[in-house]
Amino acid sequence: MSAERLFTWKNPWFAASLGVVGAMVVLSLIVGFALLPYAGPNSRLTSLWDAICSAAGVPRATAVSGAAKPNFTTSNVVMNSQMFAPDTRSVGRGATLAMQCAICHGSNRQGQVDTPNLEGQPGSAVYKQLRDFKVAARTNAIMSPFAVKLSEQDMLDLAAYYSYLPRQSGSHPDPAVAAPTIVARGAPMRNVPACSSCHGTTDAKLGTPWLDGQSAVYIKAQLQAFAAGTRRNDISEQMRNIARQMTAGEIDEAARYYAGRP
Amino acid sequence: MLNSKRLVLAHFWLAFVVFGVALLLGEWQMFVRSPLNPWISNSELYYRSVTAHGSAMGYVFPTLIAMGFGYAITELALKKPLIGRRWAWAGLALVAVGAITAMIPVSLGLASILYTFYPPMIGNPFYYIGVVLVVVGSWIWVALMSINMAGWKRENPGKPVPLAMFANVAGAYLWGWTAVGAAIEVIVLILPVALGLRSTIDAGLSRVFFSWTLHAIVYFWLMPTYIAYYTIFPRAIGGRLYSDAMARIAFILFVVVAMPIGVHHLFADPQVGAGFKFIQSVFTALVALPTLVTIFTICASAEIAGRLRGGKGPFGWVAALPWGNPMMLAVTFSFVMLGFGGAGGLINMSYQLDASIHNTQWITGHFHLIFAGAIVIMYFAIAYDLWPHLTGRALDSARLMKAQLWLWFVGMIVTTFPWHYVGILGMPRRMASYDYANPAIAPQALSVSISVFGGLLLVISACLFFAVLIRGHRATRMDPGEYRFSVAVHEPVRVPVALNGFALWLTLMIGLTVINYGYPIAQLLALKGNAVPAVYVGAAR
């Protein structure tokens with residue numbers, strides 16, 4: 001082995017490589033942290049330290065007091081998928097509780113085109129709507145009084161029960177109908193994602209209901225309510241933004257398509 | 001002297017089989033999202049395919065090539081049997097088992113998260129476990145390369161490590177450190193969520209860790225290509241390597257600056273400060289240096305060959321080059337694609353210019369041109385060069401080889417140039433379908449359709465490639481002679497300690513990582529309340 005030592009300033013390779021890399025680091029630190037922060041036209045930096053912190057990405061507390069509060073109750077549901085893990089005792093309790101729901105929300109609901117069929121719905125979808133009715137983020141003359149009385153566990157039990165039931169086919173199944181464009185691919189140029197990317201067929205998201213086989217009247221009414229802003233329990237306003245961008249024809253198409261799904 | 005022929009062949013064949021399957025998926029994706037095909041009505045299938053294509057092409061295929069080529073180099077350059085051949089087989093087994101473990105949930109639609117993971121999307125845990133197994137298998141290779149070089153240095157004190165082995169170990173160390181980022185992301189942040197132990201994830205921190213891996217992984221893919229440029233190409237065209245020291249410096253520069261620059265993938269992300277984005281942009285610019293050094297050195301080596309073959313005058317040597325030689329063709333094509341891809345890369349790494357193409361199809365076009373173009377075409381050339389030594393049979397389908405290389409080159413240009421163009425028009429990437437009937441994006445329809453035909457040329461080229469290799473296995477037996485790497489014009493008798501080992505360069509690499517990544521990571525770790533709920537892909541509906 002040669003006697004040449006590497007980690008010493010006398011070694012030109014060591015000195016040069018460390019010197020060049022070090023100089024580049026220092027230079028880019030100066031430019032990136034002390035000069036460039038001032039380059040913006042609306043720089044409100046008060047000191048060099050302020051500039052360095054801003055370039056390093058140190059989060060700054062923003063004034064919260066000025067934020068406008070909505071004049072209605074917003075949905076505050078927090079969920080994760082573990083909350084809806086299968087639990088037979090919960091299903092049993094839910095079945096008892098659901099006796100008061102069945103007249104409007106079961107597969108035997110005669111002529112009830114303005115209510116959703118809950119059998120086979122994901123637990124998260126049932127739970128979220130019950131929570132929203134309870135805190136009045138969503139309101140309905142018939143539904144709200146029922147929800148107010150429910151405890152947290154009641155709502156989880158009902159969710160467990162309805163997700164346990166098999167999904168029933170719709171009243172007018174027509175499986176031959178191809179998915180309309182708005183369902184299969186949305187309208188990207190209007191910021192409308194495909195319905196199927198959240199509501200089943202392609203993918204399902206936590207808290208979104210399965211729309212296959214639901215009544216067309218109900219789907220249409222909800223889309224119109226979202227568009228008009230009379231229903232606003234969609235967190236992040238995603239359904240309101242979507243429904244506002246949909247044409248009346250697309251709303252009809254989507255409602256008819258889902259009602260015809262088996 | 002190649003003792004571990006079966007080991008190397010197993011790596012190459014597994015790599016190419018994976019490549020063949022993933023290539024078909026890629027062409028299918030090009031087709032279904034083009035205007036030539038009515039929408040498949042299920043974007044999940046598309047993302048499933050993208051996940052499989054990306055994971056196979058990004059993790060499995062180049063890793064196996066680097067490993068197999070690395071084992072071959074160890075024996076051929078050091079002229080002694082590989083130390084730890086059993087471990088090498090174990091590494092291969094881990095990669096194979098990992099690839100299968102990952103692909104099962106992907107094909108079931110339980111992990112359609114693309115190969116870049118994209119938390120808070122969370123797929124089936126077996127997908128991540130499979131990817132980790134692939135990486136662990138490759139780490140065995142990293143350790144073996146290090147051990148083999150150290151063993152040789154002990155037996156040959158003071159002698160310069162053969163360039164091919166030096167470069168090979170540079171690639172191994174680069175990968176060893178590069179893979180740490182994604183390994184931390186998967187093991188510490190993602191897997192606990194995938195296994196259901198936690199239900200929230202810090203997506204910003206995950207992306208920072210992934211960027212640690214995401215850029216330098218490309219240089220890991222690139223290493224076999226650069227090794228072939230320096231240590232095979234000059235010999236294959238009958239010339240000499242212009243400078244051994246330049247080659248070592250190029251590989252050292254890759255080790256030092258290829259990794260701590262990944263934040264340029266996060267220019268549009270809010271969780272990293274602008275100052276750190278600027279520093280990493282500066283160092284990304286520096287990584288162009290070893291490539292420029294390489295282009296200079298290899299062109300100079302080609303000139304030596306041209307003049308040895310009787311070429312005269314400022315350009316006469318170009319005409320005198322052996323243009324019928326597959327290696328000559330492959331390197332030329334590779335350089336052309338590297339030139340265009342590199343120019344595009346300079347746009348991506350610029351903090352300002354990036355804003356115009358970030359997250360557009362330009363990026364997908366860019367990394368296909370660099371990786372699938374400039375890099376993979378050299379993988380073909382490496383296989384052609386090594387095959388007779390691996391099989392003991394002649395590879396005599398010269399016309400087929402040339403046709404294959406031409407098709408790959410033309411196909412890649414036809415695929416990626418329109419791809420870049422639609423990116424400039426603003427076509428977003430990672431989308432399963434586009435409504436070309438919409439007047440706003442209708443002008444992109446023609447370019448996308450052209451890309452599909454480019455992809456078709458690539459599929460045909462791959463078929464020819466397999467035909468060449470399979471014919472090689474069935475050709476008559478012959479003695480390929482001793483394998484030779486390129487010889488430098490001035491053969492190194494002694495090299496400075498700095499150019500004969502990696503202690504200094506690894507120190508610099510880790511030091512730079514701490515400077516460029518230390519604060520952003522520490523800051524995100526210290527921040528509370530930035531975890532978001534996981535979005536489980538393919539969960540029960």
In nm, the gap between the two label points placed 7 Å beyond Cα toward Cβ at A:Ile30 and B:Asn438 is 4.9 nm
Given chymotrypsin sites (Phe, Trp or Tyr not before Pro), DSSP loops and at most 15 other Cβ atoms within 10 Å, the longest exposed-site-free stretch of chain A is A:73-262
Each residue of B:268-279 has, on average, a number of other protein chain C-beta atoms within 10 Å of its C-beta equal to 6
Per the 1/(1 + (r/R0)^6) rule, R0 = 22 Å and r from the Cβ atoms of B:Ser449 and B:Ser356, FRET efficiency to 0.05 is 0.35
So, relative contact order of chain B in percent, Cα under 8 Å, 6 or more apart, is 20 percent
Distance in nm between B:Ile187 and B:Ala245 label points, each 7 Å along Cα→Cβ, equals 4.1 nm
The simple spin-label model distance between B:Lys5 and B:Ala503, using points 7 Å out along Cα→Cβ, in nm, is 4.0 nm
Long-range amide H partners of B:Leu241, meaning residues 5 or more apart or on another chain whose placed amide H is closer than 5 Å, are B:Val487, B:Ala488, B:Val489
If every Lys and Arg gets +1 and every Asp and Glu gets -1 at its Cβ, then about the Cα centre chain B yields a dipole, in debye to the nearest 20, of 1080 debye
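Given a cut-off of under 8 Å on Cα pairs at least six residues apart, what relative contact order in percent is computed for region B:221-297? Show your work: numbers first, answer last.
Working: 50 pairs, mean separation 28.9, N = 77.
Rounded, it is 38 percent for region B:221-297.
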Rounded to the nearest 0.05, FRET efficiency between A:Trp9 and B:Glu482 (Cβ-Cβ, R0 51 Å) equals 0.70
Convex hull around the C-alpha positions of the protein assembly as shown: the volume in Å³ per residue is 189 Å³
For B:Gly238, the net charge from surrounding residues (Cβ-Cβ under 13 Å; K, R +1; D, E -1) works out to +4
In deg cm²/dmol, rounded to the nearest 500, the helical mean residue ellipticity at 222 nm of chain A, built from -39500 (n - 2.57) for every DSSP H run of length 4 or more, is -12500 deg cm²/dmol
Calculated from DSSP helices alone, with each H run of at least 4 adding -39500 (n - 2.57) and the total divided by the residues of chain B, [θ]222 nm to the nearest 500 comes to -22000 deg cm²/dmol
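Once the other residues with Cβ under 15 Å from the Cβ of B:Lys80 are scored (Lys, Arg +1; Asp, Glu -1), what is the net sum?
Taking every Cβ under 15 Å from that of B:Lys80, the sum is +2.
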Mean other chain Cβ within 10 Å across A:15-23 is 3
Per the rule of 0.36 nm per residue minus the C-alpha distance, extending B:Ala319 to B:Leu108 adds in nm 70.6 nm
Rounded to 0.05, the calculated FRET efficiency for the beta carbons of B:Leu425 and A:Val177 at R₀ = 25 Å is 0.10
The summed charge of the A:Ala227 Cβ neighbourhood (under 10 Å; Lys/Arg +1, Asp/Glu -1) stands at +3
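Each value in this text was obtained by applying a stated rule to the coordinates, not by laboratory testing. In this text, all values refer to a predicted model and were calculated from it rather than measured experimentally. In this analysis, Cβ positions are derived from the backbone assuming ideal geometry, glycine residues included, and neighbour counts consider all displayed protein chains.
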